[in-house]
Amino acid sequence: MLNAADIATLWLTFKVAGIATLLMLLFGTPLAWWLARTTSRWKTICNALVSLPLVLPPTVLGFYLLIMLGPNGPIGHLTTELGLGTLPFTFPGLVVASVLYSLPFVVQPLQSSFTSIGEQPLEAAATLRAGPLDTFFSVIVPLAKPGFLTASILGFTHTVGEFGVVLMVGGNIPDKTRVVSVQIYNHVEALEYTEAHWLAGILMLFSFSVLLVLYTVLKTQPVAHPLK
């Protein structure tokens, strides 16, 4: 059965995933919209940068984040100057690492949905003299609802299952940065296979359930999406 430490890691993991997902939607939506609409020569480079975590070993990304966020790194120097301290081995650092690692799972579904909408709805909104923001929130967002649903669920579930990046940046501090994937590793390392089975089983059931719901809901949506 789950002990108090296991429950604490589950709570911390879902807390990190929830905050990271909100931030990814906040920053990923305008980025995905720009990538879907732009003809800039920088589009290919930006697409490659966004997709980099998909092919880069998590420990490599975690290592460079550790350097950049550390006291001698550019971001770490900035946060220190602002009186915020350094981010490695803290909860905010864990969130930052999660956002950067899971960002492609949010940006790519949104970009695909925005692209599939086409020009006709935008032209119709323009004939009605709708402004850019009004067009986006009144026309684009409703039409791209399957993409937002896909992005939210994939971003959240991928963050829940992170290991390499969060271990490199967050470490293994109880009640502060120890997430459930790290706790499973701790149980296995201590030969506590029963405890590891419980946590691993919960994550497997959770991941399967949300993906089942996702595919079921997307079947009813009229707009094309990347997982259908």
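Sorting Trp11, Trp42 by solvent-accessible area of protein heavy atoms yields Trp11, Trp42, largest first, with a 1.4 Å probe.
With the Cα gyration tensor of region 4-220 in hand, convert its eigenvalues to equivalent ellipsoid semi-axes via √(5λ) and list them largest first in whole Å. All intermediate terms of the calculation are to be shown ahead of the outcome.
Values: eigenvalues 238, 104, 39 Å².
Semi-axes (√(5λ), whole Å): 34, 23, 14.
When each pair of different Cα atoms in region 140-211 is counted once in the 1/r mean, what is the Kirkwood radius in angstroms, to one decimal? Mind dumping the intermediate values first?
Values: mean 1/r = 0.0726 Å⁻¹.
Final number for the Kirkwood radius of region 140-211 is 13.8 Å.
Give me the compactness ratio for region 130-172, meaning the Cα radius of gyration over 2.2 N^0.38 Å.
Values: Rg = 16.6 Å, N = 43, 2.2 N^0.38 = 9.2 Å.
My calculation over the Cα atoms of region 130-172 gives 1.81.
Per-residue surface analysis assigns His187 an accessible area of about 10 Å², computed on protein heavy atoms at 1.4 Å probe radius.
For the chain, modelled as a GNM whose springs connect Cα atoms under 10 angstrom apart, the maximal fluctuation among Ile19, Ile153, Ile45 occurs at Ile45.
In the context of the full protein assembly, Phe136 retains an accessible surface of approximately 30 Å², using a probe radius of 1.4 Å and ignoring ligands and nucleic acids.
Applying a length cut-off of 30 Å (Cα extent along the axis) and a mean Kyte-Doolittle floor of -0.5 to the DSSP H helices of the chain leaves 4-37, 193-218.
Take the chain and mark each of the GluC sites (Glu not before Pro) that is in a DSSP loop with at most 16 other Cβ atoms within 10 Å; the longest unmarked stretch, sites excluded, is 1-118.
Solvent exposure of Arg178, expressed as accessible area, is near 50 Å², computed with a probe of 1.4 Å over the protein chains only.
For the chain, the relative contact order works out to 31 percent when only alpha carbon pairs closer than 8 Å and six or more residues apart are counted.
With N as its number of residues, region 56-176 has a Cα radius of gyration that, divided by 2.2 N^0.38 Å, comes to 1.41. Of all the accessible heavy-atom surface of the chain, with the other protein chains kept in place and a 1.4 Å probe, what percent is carbon and sulfur? For the chain, the apolar C and S fraction of the accessible surface comes to 71 percent.
Equivalent-ellipsoid semi-axes for region 1-106 (Cα gyration tensor, √(5λ), whole Å, largest first): 27, 20, 13. The listed residues Met168, Met1, Met68 rank as Met1, Met68, Met168 when sorted by accessible area, largest first, using a 1.4 Å probe.
Just the accessible area per residue of the chain, please: how many Å² with a 1.4 Å probe?
Values: 12460 Å² over 228 residues.
Accessible area per residue: 55 Å².
The values are calculated or read from the model by the stated rules, or taken from the named source; none is laboratory data. The shown structure was predicted, so the numbers you read here are calculated from the model rather than taken from an experiment. When we count neighbours, we look across all protein chains shown, and the Cβ atoms used for this are built from the backbone with ideal geometry, even at glycine. Surface accessibility is based on the protein's heavy atoms, side chains included, excluding ligands, DNA and RNA. Shrake-Rupley method; radii C 1.70, N 1.55, O 1.52, S 1.80 Å.
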